[in-house]
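Structure, as C-alpha cells:
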Amino acid sequence: MRVNSQRLHDDLSRLAEIGATPGGGVTRLALSDEDKAARDLLRSWLEDAGLAVRVDDLGNITGRRAGSAEAPAVILASHLDSVRQGGRYDGAYGVLAALEVVRTLNDHGAATRHPIEVVDWTNEEGVRFEPAMLCSGGVAGRFDRDYVYSRTDRDGVRFEDELRRIGYLGKEANRPGPGAASLEAHIEQGPVLEAEDLPIGVVLGIVGITWLDVRLSGRADHAGPTPMAHRRDALAAAARLISGVEAMARETDETVATVGRFVVEPNSINTIPGRVVMSVDFRHPSASTLDALVAGLTRLAVDVQRESGVEIAVDRFWTSEPTPFDNGVQAAVQAACDELGVPSRRLWSRAGHDAKYAQDLCPAAMIFVRSRDGLSHNEAEYSAPDDLEAGANVLLLAALRLADARSR
Ligand SMILES: [Zn+2]
C-alpha cells in the first residue's frame, strides 16, 4: 500500500493558495480569515474522506476514521497556521500527509484495529498568540483554558473572541484522543538530512532549551584619559563571555548556543562601555548537559568578573526540558523506512513542535522530511515531491503498524 503522491501534491498546492504571498509562501496566522479558510477546506476534505469531524474548545480539529475495536486512536497531527511570510510546507505538510494516509486506507479498503485521527492543532507558531504550541499544550494540560482564551494579539484581540468569530469554538469533549500513539510528519527545517543526502529523519525527540539573561555592570568612563589597567569595560568582558559560550557549544557534541540579544550602554565611540545586557540560548538533548553548560557559563562569569572588575549577574529565567520521543513509536517509523527502503538517520529536533506536548498525552514521535538549504519560516521553504511522498509513505506504514492493521 502506498500513498497517492499526485493527490498529496495537488492538495498542498491548493492549500497554499490560501494566504499566498507574492514570494511563493503563505501568511496564515492563527485564527485569521486565512486560517478559517484553510480550516474550512480541511474540514471539507476530511468529510469527503468519510471521517467524523469534531472541533474542540481550543479550536483543534479532529477527523476520525473508526477502528474495528473500541481502542484509543493513532493520532496523526500537525498544524495549518503559519508565520508571517512563511513557507507552504511547515505544518500544512503534516496535516495533509495524515489526510493522504486516511484516503489511501480508504482506497484499499484497509481496516485498522485502532481508530485513526487526523488532527490540526490550533496556533502552533505562536506568532499571533504567544506562546507557541498553545493548543496542543492546552490539551496536554500545560496551559489551562482561561490562559489560552486570554492570550491577545498585538492589537489586543483575545484568542477566545477570534476563535468564536471564525466559528471554531467547540466543546472540550471533542478534544483529540484518547491516543494509543501520536505521529507528526514535518519538514526538517534544518540542513542535516540534505547534507547527508537522506530524504527522511527519524526524530529522537525535541531538545531542551534554556534561556539566560547576563547583565554586566562596569563603569562608563572617558576613552582617552583612562589607562587600560583602570578600566571596568562591560563590553570587553561581554566579548569574553560570548567567545566562551561559542567555545562551549563547539566542544560539546549536539550543542547549539546563541547570543542573540545584546544591549550596550552608552554605545558611544569615545566612552568605555559601562553596561551590557545580553541573552544566551542553549539547546541540547540532555537536561544534565544543559545544566553543565549553564554551570560553565557561570564559572566563566566568575573568572571574568575577577579579572575585569565588571560585575556579572547570570539569570537562567526559562527552561523547556528535553522531550525524548517514545522508543516504540520511533521503532515503528524506523521499520516503515526499512520496509520502504528509504534511507534515513536518527536526529534531534532543535525546534519546538506540537509533538512535544502530544508526548504528554500518549507515546509520540516525528518523521522529518529533507528541507532544501535547510530553509524554513521563509517563503523559499521547499521540499521535493519525491521526499514528501517518501515521508507520507513512512507515515502510512508506521501508522498501519501502530494501528494494528489487517486487510479487509
Ligand atoms: Zn511547524
Once you keep just the Cα pairs under 8 angstrom separated by 6 or more residues, what percentage relative contact order results for segment 261-313? 21
Could you list log10 I(q)/I(0) for segment 41-86 at q = 0.20, 0.22, 0.27 Å⁻¹, which the Debye formula gives when each Cα is one point scatterer? -0.79, -0.91, -1.15
Considering Cα pairs under 8 angstrom that are at least six residues apart, work out the relative contact order of segment 1-130 and quote it in whole percent. 33
Among Ile116, Ile187, which comes first, second and so on when ranked by fewest other beta-carbon atoms within 10 Å? Ile116, Ile187
For segment 316-408, run through the chymotrypsin sites (Phe, Trp or Tyr not before Pro) and keep only the ones in DSSP coil with at most 12 other Cβ atoms within 10 Å of their Cβ. none
Compute the distribution of all C-alpha to C-alpha distances in segment 282-390, in bins of 10 Å from 0, and list the percent of pairs in each, rounded to whole numbers. 11, 29, 29, 17, 11, 4, 0
Note, ³J(HN,Hα) from phi for segment 128-133, Karplus 6.51, -1.76, 1.60, rounded to Hz, x at Gly and Pro: 8, 10, 7, x, 5, 6
For the chain, return all DSSP H helices satisfying: extent of Cα atoms along own axis at least 27 Å; mean Kyte-Doolittle hydropathy at least -1.0. 287-308
Amide H to amide H, which residues 5 or more places from Met366 or on other chains are under 5 Å from it, using H placed in the peptide plane? Glu184, Val203
Please give the calculated 222 nm ellipticity per residue for the chain, where each DSSP H segment of at least 4 residues contributes -39500 (n - 2.57) and the sum is spread over every residue; nearest 500 deg cm²/dmol? -11000 deg cm²/dmol
In which sequence would Ser344, Ser32, Ser371 go, from the one with the fewest C-beta neighbours within 10 Å to the one with the most? Ser32, Ser344, Ser371
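Can you pull the Rg over Rh of segment 334-408, Cα-only, Kirkwood? Don't skip to the answer; put the middle values down first.
Working: Rg = 14.1 Å, Rh = 14.2 Å.
Taking Rh as the inverse mean 1/r over Cα pairs, Rg/Rh reads 1.00.
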Taking the Cα atoms of the chain alone, what are Rg (to one decimal) and Dmax (as a whole number) in Å? 23.9, 88
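Just want the ordering: His377, His108, from fewest to most Cβ atoms lying within 10 Å of their own Cβ.
Details: His377 17, His108 13.
By the 10 Å Cβ count, ascending, the order reads His108, His377.
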Residue by residue through segment 345-356, which ³J(HN,Hα) values in whole Hz follow from phi under the Karplus form 6.51 cos²θ - 1.76 cosθ + 1.60 (θ = phi - 60°), with glycine and proline marked x? 9, 7, 7, 8, 8, 9, 10, x, 8, 4, 4, 4
How big is segment 78-221 by Rg and Dmax over its Cα atoms, in Å? 19.4, 79
Just to check I understand the Karplus step: with θ = phi - 60° and J = 6.51 cos²θ - 1.76 cosθ + 1.60, what whole-Hz values come out for segment 314-320, glycine and proline as x? 10, 10, 8, 9, 7, 9, 10
Eigenvalues of the Cα gyration tensor times 5, then square-rooted: what semi-axes does that give for segment 1-73, in whole angstrom, largest first? 26, 18, 9
Could you work out the longest stretch of the chain that avoids the GluC sites (Glu not before Pro) located in DSSP loops with at most 16 other Cβ atoms within 10 Å? 255-408
Springs between alpha-carbon pairs under 10 angstrom, Gaussian network model over the chain: which of Arg54, Arg65, Arg275 fluctuates most? Arg275
Which residue fluctuates most in the GNM of the chain (Cα springs below 10 Å): Ala71, Ala97, Ala16? Ala71
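Place a +1 charge on the Cβ of each Lys and Arg in the chain and a -1 charge on the Cβ of each Asp and Glu, then give the dipole magnitude about the Cα centre in debye, rounded to the nearest 20.
On the way: 45 positive and 61 negative charges, 93 e Å.
For this selection, approximately 440 debye.
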Can you give the relative contact order of the chain as a percent, counting alpha carbon pairs under 8 Å and 6+ residues apart? 24
Going by amide H atoms built from the backbone, whose H comes under 5 Å of the H on Asp81, apart from near neighbours? Asn123, Glu124
Span per principal axis, largest first, for the Cα atoms of segment 147-190 (Å): 35, 35, 19
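Quick note: the coordinates plus some simple rules give every number you see, no bench work behind them. None of the values given here were measured: they were computed from a predicted structure. Methodologically, a virtual Cβ is constructed for each residue, glycine included, from the backbone with ideal geometry; neighbour enumeration extends over all protein chains shown.
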